[in-house]
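Asks: Before anything else, here's the structure in question.
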Amino acid sequence: MPSDRIALNADVVGYSALIADDLEAMTKTMRIYHELVDREVGGRGGTVANFVGDQFMAVFDDAVAALGAAIAITKAIEEHNADVPAARRARFRMGLDLGPVESTSSGYHGDALNIAARVQAIAPAGGISVSGRVYRAIDEPELRFRAVGKRHMKNIPEGVDVYEFVDLPSTGVGAPKGSLDLENPTVAILPSHTDQVDDSVRSAAEVIRADLVHRLARVPQLNIIDARASVGTATPDRNARYMLETGVHQFGDTIRLYATLFDVGTINVVKSHKWTGPLSDIVGRSDEISEEVARSIEVDLIVGEPARLYAELEDPEAIERIYLGWYHFRSDVPEGWAKSVDLFDAVHRTHPELPYGAVLKAYALWMGAANGWAPDPEAALDEAHRLAVQARAQGDHTGMGQALEAAVAMSRGDNEGAVAALEGLAAVRPTCDVTYGLEGSVRRYLGDWEKAVEACDMAMRLTGLNKPWYPTVKAASLFVGGQTNEAAIIAQGVLEHQPNNLEALLVLAAAQVELGLDRRAAGTADLIRERFPSVDVEGWLDKTPYQRREVVDRWKDDLAAAGAIA
């Protein structure tokens, strides 16, 4: 009868090319690797089921032993490669799964072997990836993984949760890289294309490119790489998610300039700009061109779709205040919050006839009350509600004012009022990511977790730079709905970028308890106590405005089991 065992599948990356390049050297290398694999697998109680060419398969009774063998093999190979030219380095990619494995006279058989091979195929060169079953069997807090997500694999009916082991020298990964895309975007500005133009035009194009670099450097939360300055030391596709290509075409005395933003991963065009005019006007338009490109990138990659609405203000100073307000608000500290309130208030005072300043200030005040930043939370909620109602009366078509009315009602424990305020929100067709984030937060507390997840997903689709708040709310919503594995994955991803996110830590610890990862849960509880020594976790949970008491009681029980609650 088959029994549950750990299957390890490994394959050398680029083996055919390495063999073709130097058969003798590669044959010698594989002989060394064969001895290494036999030693490390056998020394940890495993069995090498086969080793053919560049591939081997091994089975183990213990998940920690299997991962230990994979790590030891990878590190030993990296030491072997230290003196080998980069083009000649042979590295395994490895995959592990846990499941029924049967041993017969013809060898080993079972789904775990097939899944391990599929998991191996998506591991990075020199890396180790494991299935969710293996991850849950390895309850060792010191072994760190990055959640890759659910993958649908050939001939495997159900999706497989995949985790990548980190801290391997062969992959160069020293810390988990989040799968939630919460990093500030990086744009590589490529050298200008100035073929077949006059020298004077080429010089003008360089002036425009330099102005673009300077203008983009002023965009908050945007990282830029001057690719021309880094030639020979960095390549855009390794250091940036986006690249900006500029160029100029000359038709006699007529010039056409273009600037195109690409997604490096897909080479899809994100945004394209072009200008046509007389040669004599090219340098004079440099500031105008730089401003247009920078604003466009700021909208697409930083602020998101809602920023397009602010163009109705037709007031550069007010728009700048809105951008700066968002910038300070995202600092997640009381000082930044206070600056954002002042900036949004200035927009409201200078443009009282429009809803934008009112609704943005209302949102900041609500968040200030929720996070304990406002000196008088009740007064902040009163003002937030007044401004939200005013914004709706002024024709706020983002839906944010209506969502804020629901959020204020929820914060006051008025669940019926929150439900009533949410009615008809979808009909407003909100275009603001914050609106959906607010809806998700309210619905999460009301127990409507599936709609909360949908709202959070929409919020993340609408913004170029995801706010950690959205995936945090999504993780909590999934936990409320009993989707503990996915909740843990998302919470862990948030913490990779925002390690002091208390709610994400509480979701992760509770989900780990429910997944049977007791040692990991205890480790997360240690982090909670270390990072928030003065926080009363039980009191924090009691103050959350959940409509269903059983959610709070379940969360408390899990956190008590983890050791986060005495």
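Asks: Please determine, by comparing only the residues of the stretch 85-117 that are among the β-branched types (V, I, T) and buried (at least 19 other Cβ atoms within 10 Å of the Cβ), which one is farthest from K154 (Cα to Cα). Spell out how you get there, then give the answer.
Replies: To start, the set of residues in the stretch 85-117 that are among the β-branched types (V, I, T) comprises 101, 104, 115.
Subsequent filtering for residues that are buried (at least 19 other Cβ atoms within 10 Å of the Cβ) retains 101, 115.
Details: V101: 19, I115: 9 Å.
Among them, the one singled out is V101.
Asks: So, of the residues in the stretch 455-503 that are in contact with a strand residue (DSSP E or B) (Cβ under 7 Å, 6 or more places away or on another chain) and either aliphatic (A, V, I, L, M) or surrounded by 24 or more Cβ atoms within 10 Å (Cβ to Cβ) (or both), which turns out to be modelled with the lowest pLDDT?
Replies: Here is the first cut: in the stretch 455-503, the residues in contact with a strand residue (DSSP E or B) (Cβ under 7 Å, 6 or more places away or on another chain) are 485, 489, 492-493.
Narrowing the set further to residues that are either aliphatic (A, V, I, L, M) or surrounded by 24 or more Cβ atoms within 10 Å (Cβ to Cβ) (or both) leaves 489, 492-493.
Values: I489: 87, Q492: 86, G493: 83.
Ranking the candidates gives G493 first.
Asks: Give me the pairs: first residue in the stretch 241-259 and more than 14 Å from S280 (Cβ to Cβ), second residue in a loop (DSSP other than H, G, I, E, B) and hydroxyl-bearing (S, T, Y), beta-carbon distance under 9 Å, and six or more apart or on different chains, which are they?
Replies: Every condition considered, the pairs that remain are E245/S192; T246/S192; G247/S192; G247/T194; V248/S192; V248/T194.
Asks: Any residue at all in the stretch 76-83 that's at pLDDT below 95 and either of a type in the set (S, T, Y) or part of a loop (DSSP other than H, G, I, E, B) (or both)?
Replies: Of the residues in the stretch 76-83, the ones at pLDDT below 95 are 76-83.
Of the ones still in play, those that are also either of a type in the set (S, T, Y) or part of a loop (DSSP other than H, G, I, E, B) (or both) are none.
Checking the stretch 76-83: not a single residue is at pLDDT below 95 and either of a type in the set (S, T, Y) or part of a loop (DSSP other than H, G, I, E, B) (or both).
Asks: Here is a follow-up. Looking for whichever is assigned by TED's automatic domain parsing to the domain that holds I19 and at pLDDT 90 or above here; the options are A87, A49. Which one fits?
Replies: Working: A87 fails: at pLDDT 90 or above.
Checking each option against the conditions leaves just A49.
Asks: Let me ask something else. Pairs only if they're at least six apart or on different chains, beta carbon under 7 angstrom, first in the stretch 456-477 and within 23 Å of Y546 (Cα to Cα), second hydrophobic (A, V, I, L, M, F, W, C) and modelled with pLDDT under 75; list them, first residue then second.
Replies: Hits for this filter: P468/L182; P471/L180.
Asks: Have a look at G149, G159 and point out the one that is touching a residue at least 24 places away in the same chain (Cβ under 8 Å) and of a type in the set (G, A, S). Steps first, please.
Replies: On the way: G159 fails: touching a residue at least 24 places away in the same chain (Cβ under 8 Å).
It is G149.
Asks: Ok, one more. Can you work out which of the residues in the stretch 356-374 that are of a type outside the set (A, V, I, L, M, F, W, C) and under 20 Å from A393 (Cβ atoms) is modelled with the highest pLDDT? Show your work before the answer.
Replies: Of the stretch 356-374, the ones of a type outside the set (A, V, I, L, M, F, W, C) are 356-357, 361, 363, 368, 371-372.
From what is left, the residues that are under 20 Å from A393 (Cβ atoms) are 356-357, 361, 363.
Numbers: Y356: 86, G357: 90, K361: 95, Y363: 92.
Step by step, filter the stretch 356-374, then rank; the result is K361.
The values are calculated or read from the model by the stated rules, or taken from the named source; none is laboratory data. Being a predicted model, the structure only gives us computed values, none of them experimental. Positions of Cβ are backbone-derived with ideal geometry, glycine not excepted, and every protein chain shown enters the neighbour counts.
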